[in-house]
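See below for the structure under consideration.
Every number in this text was worked out from the coordinates using simple rules, so none of it is lab data. Computed from a prediction, not measured in an experiment: that's the story for all the values here. Cβ sites come from the backbone with ideal geometry, for glycine too, and all protein chains shown count toward neighbours.
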Amino acid sequence: MQQIGHSLERLRQSINEACRDARRRPEDITLVAVTKTFPAETIERAIAAGVDIVGENRVQEALEKYSLIGTRVKWHLIGHLQSNKAKKAVEIFSLIHSIDSAELAGEVGRRAGQIGKKQEILLEVNTSGEPQKYGFDPKEVLKNLKEIKDIKGIKVLGLMTIGPLTDDVDKIRGSFKLLKKIFDEIKLQAIPNIEMKHLSMGMSGDYRIAIEEGSNMIRVGSAIFGDR
């Protein structure tokens, strides 16, 4: 727990510095501690160190940990969601970051409705253009939102992206700038059932750039827990 506590303290100091440089408030940044591949015991130590939101990539892995930890933290799904896992996903996740099609949004809404839940979701947008990544085409987000807005059982609360896998800071920054631009454009539209509240971008290697470009939700794993 001590090592995790020290890592969290360093991370918070770094977030504070990034916010100061960007003239933003640290309290406006939500930290999702990414716990994929780490056991429940590690999550227990993170909770003791102050973590209150954990992010998991796979539904089955999260279910196993949830059975041991329960609702002492909020659970976010940050990895790709297959339609056949939607039923289980809506049972435990407070926020799903990775809705990448209108069809998946519909299935999540249907499954959430079956248990009387309004599932909060983010739309994943492929702002890097990398073919291996999931997500809506940036040019198609608004069109798809107008389809998704009437789906019962879901509430769209923002957008998510994964920065490009590169050391080129300009490319990373450009990816985040694009999502912020889309986020702001959608906010101006004032679409019913669509609230641009969360802008989820930035991970261990690029969260400072993401904060500078407007992110208010970062997904950090290795900077807290070490290498997997």
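The order of the peptides 164-172, 73-81 by mean Cβ neighbours within 10 Å, most packed first, is 73-81, 164-172. The distance from the alpha carbon centre of the stretch 1-51 to that of the stretch 140-167 is 26 Å, rounded to a whole number. Highest-first packing order for the peptide set 82-93, 214-225 is 214-225, 82-93, based on the mean count of other beta carbon atoms within 10 Å.
With contributions of -39500 (n - 2.57) from each DSSP H run of at least four residues, the per-residue ellipticity at 222 nm computed over the chain stands at -13500 deg cm²/dmol. Excluding same-chain neighbours fewer than eight residues apart, the aspartates and glutamates reachable from Lys152 by a Cα-Cα span under 14 Å are Glu103, Glu107, Glu120. Its Cα gyration tensor gives the stretch 100-228 an equivalent ellipsoid. The semi-axes, each the square root of 5 times an eigenvalue, are 26, 17, 13 Å from largest down.
If one computes the Cα centroid of the stretch 192-228 and of the stretch 69-134, what distance in Å separates the two points? If we compute the Cα centre of each part, the gap is 17 Å. Over the C-alpha atoms of the chain, the Rg to Rh ratio, Rh being the Kirkwood estimate, stands at 0.95. Principal axis extents of the Cα atoms in the stretch 151-216, from largest to smallest and rounded to whole angstrom, are 41, 22, 15.
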